[in-house]
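Report on the following structure.
Bear in mind that the values in this text are calculations on the coordinates, not laboratory data. Predicted model, so just to flag it, every value in this text is computed and none were measured. Please note: Cβ atoms are built from the backbone with ideal geometry, for glycine as well, and neighbour counts cover all protein chains shown.
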Amino acid sequence: MSEQTSTGRYLTEAMRQKLNELAPRYPTKQALTLPALHLVQDRYRCIPPEAIVEIAEFLELAPAQVLDTMTFYGSFFRTPDAPLGQFRIWVCRSLPCSLCGGEELLHKVCHRFGVEPGGTSQDGKVTVEPAECLGACELAPCVWVNGEVVKVTTDADLDQLYERLQAGAIGESAQ
Amino acid sequence: MTRDYEPVLLANLGVPDSHRLDVYRSRGGYQAIEKALRQHTPEEVVELVVQSKLRGRGGAGFPCGMKWKFLPKDRTVTYLCVNADESEPGTFNNRILMENDPHQVLEGIMIAAYATRAQTAYIYIRYEYVRAHRILQQAIQEAYDAGLLGRNILGTEFSLDIYLHRGAGAYICGEETGLIESLEGKRGWPRTKPPYPAVEGVFRKPTVVNNVETLCCVKHILDRGVDWFLSIGVPADPNNPRDLGSYGPKLYCVSGHVNRPGCYELPLGVPCRELIEDYAGGVRNGKGVKAVIPGGLSMGFLRADELDTPLDFSSLQKVGCLGLGTAAVVVFDEDTSIVDILHRSCRFFAHESCGQCTPCREGTAWMYRILNRIRNGEAEPSDLEILLEIADSIGIIPGTTICGLADGAAWPVKTAVRKFREEFEEYIRTRKGVTVG
């Protein structure tokens with residue numbers, strides 16, 4: 001996706017303003033790297049290479065520093081030609097979940113949404129990825145959908161997940 | 001004995017609107033910080049925590065008061081980093097605390113900040129914990145609005161700002177110096193020590209990093225006193241001067257093949273069997289136990305005949321485990337393949353090694369490849385020796401890496417292969433030439 005904003009910039013005025021609000025919290029500008037990357041990914045569903053340069057300029061860093069940080073973390077999605085779907089589904093395959101059917105669940109979820117593990121549906125709605133422990137082992141086997149953790153044991157659970165997602169009624173807000 | 005135990009850390013769980021400030025206050029909340037501010041100097045609070053012998057709940061079990069005392073006396077700026085990057089497989093107690101009782105967490109942070117003279121606290125919370133992030137954010141706002149955060153808290157000289165900082169999906173950022181690097185906006189590569197964070201931590205300033213559960217314990221030590229805390233758990237062995245004891249309550253997370261997975265608060269030292277049978281409802285479908293991870297994946301495995309081991313800071317080493325870790329108990333029933341379990345363990349650590357230290361980067365990848373060979377029917381019995389040789393060579397304990405991730409990768413391998421050797425040999429023998437997915 002190469003959707004650019006009206007100003008021709010990825011880092012929008014609103015994002016810059018948000019980062020300026022956060023700046024007094026930290027004694028260095030570099031500490032705003034993760035918050036900036038989160039803002040960009042929330043908006044574009046990926047980290048466009050141009051945004052790396054803009055973040056670096058804004059934070060007075062070298063682009064290589066921002067790139068170095070970005071590539072270290074698993075939550076950042078790096079393929080601008082195939083950004084994340086509107087809903088990101090993480091299927092936990094860590095030990096507690098895999099003991100309760102987590103590996104099978106990954107295949108079931110992929111099948112239900114018609115994608116390969118790591119892939120995005122053609123309508124751009126859903127991306128399904130395997131995940132390490134989500135810290136919700138009492139709900140094993142579970143999936144994480146835009147921040148909401150859902151236990152999925154039966155086919156009926158999977159149907160319900162599908163319906164809620166189609167209706168857009170799923171996910172958590174961090175704020 | 002544990003039957004009569006009344007939960008303290010989870011006392012507000014299940015109370016309607018337990019996340020709200022008014023509910024927290026109506027149940028005695030924020031009296032501990034009031035007491036600390038009005039009755040004690042910061043040094044006295046440090047001393048109380050030293051006397052309580054509280055050990056960190058995040059995995060390493062380092063004495064909390066001692067960590068605070070390492071701060072240089074002549075410091076001008078101090079940072080408190082709250083480690084909420086809970087990522088050890090099987091562990092979710094910090095999430096339970098943050099989602100259900102965020103003000104308890106904040107009160108613990110406030111007391112720790114007062115004691116260490118920190119005026120800024122960062123809660124580094126893992127990316128996946130979106131709900132906990134929102135609930136904490138609301139609680140922080142409530143606390144500011146009520147004059148519990150900001151300048152001159154409760155009319156005293158004490159000022160504190162608490163900020164939430166989201167991680168971005170990296171297991172290694174739970175290591176305290178990895179967390180510090182990440183907070184600074186860099187890749188989460190752990191730092192060589194010394195200097196320790198107390199001397200040179202985040203933004204090169206004296207820093208304390210404490211786990212969420214540890215800070216909640218601090219709140220109750222102030223509320224109920226040192227003697228109360230010391231009356232719970234397992235006293236230090238008087239004949240062993242190096243034993244620091246296992247005092248206070250602990251949140252045990254139980255998952256896997258049990259009837260009632262969940263987070264249970266019990267005195268430190270509850271026997272593993274009692275936790276599984278009396279609290280987690282025993283193994284599903286009436287089956288027996290094959291193996292148990294007693295403290296998060298990194299700690300290695302217990303065998304069924306080792307289940308009477310008390311879950312405290314010193315007993316698990318005696319049965320070959322790395323330690324108590326996060327006290328996350330994962331139970332495997334008798335039908336589980338130990339080879340499959342170890343395969344998943346090796347996959348996890350090979351994926352999460354940060355790549356900084358060669359022995360860890362290469363070693364975790366080699367171990368994963370050997371497990372793939374075993375599962376694909378391409379291994380020789382001698383591969384088990386190679387596996388053990390790698391496991392014995394990587395980590396802080398053999399002295400080859402900067403942080404303990406490699407020890408955590410090695411311990412499941414060492415304990416699985418040494419405790420279930422026959423099953424591995426049998427698997428290799430019978431699987432030869434047979435490919436599985």
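Provide the net charge surrounding A:A156, with neighbours chosen by a C-beta distance below 14 Å and charges set as Lys +1, Arg +1, Asp -1, Glu -1.
Working: positive: A:K108, A:R112, A:K151, A:R164; negative: A:D155, A:D157, A:D159, A:E163.
Taking every other residue near A:A156 into account, the sum is 0.
Note the per residue figure in Å³ for the convex hull of the C-alpha positions in chain B.
On the way: hull volume 62.9 nm³, N = 437.
Hull volume normalised by residue count: 144 Å³.
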GNM, chain B, Cα, under 10 Å: largest mean-square fluctuation among B:L149, B:L311, B:L302? B:L149
Rg and Dmax of region B:53-98 over Cα atoms: what are they, in angstrom? 13.4, 41
Out of all DSSP beta bridges in chain B, what portion is antiparallel? Express it as a percent rounded to 5. 45
Rounded to the nearest Å, what's the spacing between the alpha carbon centres of region A:118-175 and region B:404-426? Just the number, please. 33
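Using the crude model of +1 on Lys and Arg Cβ and -1 on Asp and Glu Cβ, and no other charge, please compute the dipole size for chain B relative to its Cα centre, in debye to 20. Before the final figure, lay out each step's value.
Details: 50 positive and 55 negative charges, 151 e Å.
Taking the Cα centre of chain B as origin, the dipole is about 720 debye.
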For chain B, set up a GNM with springs between Cα atoms under 10 Å and report which of B:P238, B:P89, B:P398 has the largest fluctuation. B:P238
Quick calc of log₁₀ I(q)/I(0), region B:338-430, Debye, one scatterer on every Cα, no solvent, q values 0.18, 0.20 1/Å, result -0.69, -0.84
Report the Cα-based extents of the protein assembly as shown along its three principal axes, largest first, to the nearest Å. 73, 72, 47
Normalised by the residues of chain A, what does the relative contact order come to in percent, with Cα pairs under 8 Å and at least six apart? 17
In a Gaussian network model over chain B where Cα atoms closer than 10 Å are linked, find which of B:Y79, B:Y427, B:Y30 has the largest mean-square fluctuation. B:Y427
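Compute the whole-percent fraction of alpha carbon pairs in region B:1-105 spaced more than 22 Å apart. Present the calculation step by step, with values, prior to reporting the outcome.
Working: 2627 of 5460 pairs.
Here the long-distance tail beyond 22 Å is 48 percent of all Cα pairs in region B:1-105.
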Given Cβ charges of +1 for Lys and Arg and -1 for Asp and Glu, the option among B:H220, B:W68, B:G90 whose Cα lies farthest towards the positive end of the dipole of region B:21-231 is B:W68
Once Lys and Arg get +1 and Asp and Glu get -1 on their Cβ, which of B:I338, B:C321, B:L371 lies farthest toward the positive end of the dipole of region B:291-411? B:L371
Between region B:51-96 and region A:45-73, how far is it from one alpha carbon centroid to the other, in angstrom? 31
If you find the alpha carbon centre of region B:185-217 and of region A:92-112, how far apart are they in angstrom? 35
For region A:13-72 (alpha-carbon point model, no solvent) the Debye-based log₁₀ I(q)/I(0) at q = 0.25 Å⁻¹ works out to -1.08
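Kindly identify region B:248-333 as rounded, prolate or oblate by the Cα gyration tensor criterion: order the square roots of the eigenvalues as a ≥ b ≥ c, call it rounded if a/c is under 1.5, otherwise compare a/b with b/c, prolate if a/b is larger, else oblate. Mind showing how you got there, number by number?
Numbers: a/c = 1.70, a/b = 1.24, b/c = 1.38.
Oblate, because a/c is 1.5 or more while a/b does not exceed b/c.
Based on the Cα atoms of chain A, what semi-axes does the equivalent ellipsoid have, where each is the square root of 5 times one gyration tensor eigenvalue, given in whole Å with the largest first?
Numbers: eigenvalues 214, 60, 40 Å².
Calculated on Cα positions only, the semi-axes equal 33, 17, 14 Å.
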Any chance you could give the angle, 0 to 90 degrees and rounded to 10, that helix B:421-431 forms with the longest Cα principal axis of chain B? 50
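Given the pairs B:K290/B:K318; B:K35/B:K205; B:K73/B:K193; B:K67/B:K205; A:K18/B:K186; B:K73/B:K250, which are separated by over 24 angstrom at their Cα positions? Intermediate results must be reported in sequence, preceding the final value.
Values: B:K290/B:K318 19 Å; B:K35/B:K205 28 Å; B:K73/B:K193 20 Å; B:K67/B:K205 15 Å; A:K18/B:K186 20 Å; B:K73/B:K250 31 Å.
Violating the 24 Å limit, Cα to Cα: B:K35/B:K205; B:K73/B:K250.
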State the answer as a single residue: which of A:L22, A:T12, A:Q175 lies farthest towards the positive end of the charge dipole of chain A, with beta carbon charges of +1 for Lys and Arg and -1 for Asp and Glu, about the Cα centre. A:L22
Working from Cα positions, state the angle (0 to 90°, nearest 10) between the long axis of helix B:102-116 and the longest principal axis of chain B. 70
Regarding region B:21-231, what are the three Cα extents along the principal axes, ordered largest first, in Å? 41, 38, 36
Enumerate cysteines in chain A without a disulfide-compatible partner, where compatibility requires another Cys Cβ under 4.7 angstrom. A:C46, A:C100, A:C110, A:C133, A:C137, A:C142
So for region A:52-122, Kirkwood radius off the Cα pairs, Stokes-Einstein at 20 °C and 1.002 mPa s: how many µm² s⁻¹? 146
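Grab the DSSP H runs of the protein assembly as shown that are 4 residues or longer, score each as -39,500 (n - 2.57), total them, divide by all residues and round the 222 nm result to the nearest 500 deg cm²/dmol. Walk me through the numbers on the way to the answer.
Values: 22 runs with 238 residues, N = 612.
Here the helix-only value at 222 nm equals -11500 deg cm²/dmol.
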